[in-house]
1. Among Tyr308, Tyr314, which is the only one that is without any contact (Cβ under 8 Å) to a residue 60 or more places away in the chain and aromatic (Phe, Trp, Tyr)?
2. Go through segment 200-224 and give me each residue that's open to solvent by 30 Å² or more (accessible area, probe 1.4 Å) and either hydroxyl-bearing (Ser, Thr, Tyr) or part of a loop (DSSP other than H, G, I, E, B) (or both).
3. Restrict the check to segment 137-150 and report whether at least one residue is closer than 19 Å to His255 by Cβ, assigned to a loop (DSSP other than H, G, I, E, B), in contact with a helix residue (DSSP H, G or I) (Cβ under 8 Å, 6 or more places away or on another chain) and open to solvent by 10 Å² or more (accessible area, probe 1.4 Å).
4. Which one of the conditions (1) farther than 27 Å from Leu149 by Cα; (2) in a helix (DSSP H, G or I); (3) open to solvent by 10 Å² or more (accessible area, probe 1.4 Å) does Glu236 fail to meet, given that it meets all the rest?
5. Could you check how many residues of segment 258-314 are more than 20 Å from Asn133 (Cα to Cα), assigned to a helix (DSSP H, G or I), at pLDDT 95 or above and small (Gly, Ala, Ser)?
6. Regarding segment 43-50, can at least one residue be identified that is surrounded by fewer than 16 Cβ atoms within 10 Å (Cβ to Cβ), assigned to a loop (DSSP other than H, G, I, E, B), modelled with pLDDT under 90 and out of contact with any strand residue (DSSP E or B) (no Cβ under 8 Å at 6 or more places or on another chain)?
7. Identify all residues within segment 122-132 that are open to solvent by 10 Å² or more (accessible area, probe 1.4 Å), at pLDDT below 95 and either touching a Pro at 6+ places or on another chain (Cβ under 6 Å) or assigned to a helix (DSSP H, G or I) (or both); write none if there are none.
8. Quick one: is Gln145 touching a residue at least 12 places away in the same chain (Cβ under 8 Å), farther than 21 Å from Asn220 by Cα, touching a His at 6+ places or on another chain (Cβ under 8 Å) and among the polar types (S, T, N, Q)?
Amino acid sequence: MLQTVAHPQVELSLRERASAFLHTARSLPPYVVMAALFPGDHVPFSSLPFSLKEAYDFHAGLLARPGFGAMLDRLEREDLLTLPSMLAAAPFDLLRIRRKFRDGTVRLPVTPPDDFPYPSYYLNDFHNQKNGNLSLQAALTYEWQISVLFLGCNRLMRQAVIDPIPVGDQLQILDVACGTAAWIPQARLQGRGHAITAVDLSPAYLRYARLAQRLGFRDNTRFLQMNAESLCPPGESAEAWSGRYDIVTCIWLLHELPRPAIERSLAEMARVLKPGGQLLLLDSLQRQDLPEARRDRGERVYRFFARYFNEPYYLAYQSLDVPALLQENGLVVKRIEPWFRSKLWVAEKPSQPAA
């Protein structure tokens, strides 16, 4: 078992402390609304002060980096573009969720917008949003939703994927399940100018990412609609990308998939890596990552999260042995590192086949 790495505590100026605190605490009003709309024992809101302290400490560690706070301010200007969508959608989303809780509804119908061969598990109203991930509303409100969910640490956790990428512009990177591709401008501002091919199943999320690209937020990136289970460019052979990419990144995908889809997706990520290439995989913390004294409370949160955000595969993901799956696909796990509510797996494809 690889030992996880903790982030060191640092000293901040009074101004930096205030910035870290305010960036964390801005999620409190939505949490109060959630507590009012969904009372009961499902969510231990009594743990919120502890979560706020953890989020503040996580902020402090990254904001101590030179220029990180200014970069974060610059990145969040993009969020102003989608704030009207979030404000308009939030009341209807909350009412839909409350109605589903009341009626005991698990999922609502999702209508594909085109004839792309979507897998059946994807036709689900994920996050309890109308038409799930196939909705433009979902793409426009995604960053705000996860900012609230993660107490302002959404972009900070994505830094986990950026840190291992070398500065420069010579590498070929594949980003699997890119969503809105919000980590890319964050990487660009830190000198990672490498060419990126970003793929996702959702045409709505890709539409938003391409719009952001036209506004200057996603340069040197090619966006393609593609299933992570079959990383094959349109019009090319199934093996076209074999051994093509220096780095494959994947952020918050595994917990969205059933086990067979996870296995096929990881096999594909391993296939398209060059020998010596790295897979940078970021996803949710799992039950075993919590101290034993906090696991029961954590499981209550996980159960609520799975229901509130309609994440049908999240609880199964909690027991998923990710290192074993990576090793089955010929990858060597180099590091496992916690990043607040997420964790990073760094795996390498050996330059020479195992004897």
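1. Tyr314
2. Correct list: Leu215, Gly216, Phe217, Asp219, Asn220.
3. Yes - at least one qualifying residue is present in segment 137-150.
4. (2)
5. Result for segment 258-314: 2.
6. Yes.
7. His127
8. Yes.
The values are calculated or read from the model by the stated rules, or taken from the named source; none is laboratory data. Computed from a prediction, not measured in an experiment: that's the story for all the values here. Backbone-built Cβ (ideal geometry, glycine too); neighbour counts: all protein chains shown. Each accessible area value is taken on the protein alone, full model and side chains, heavy atoms only, with ligands, DNA and RNA left out. Shrake-Rupley method; radii C 1.70, N 1.55, O 1.52, S 1.80 Å.
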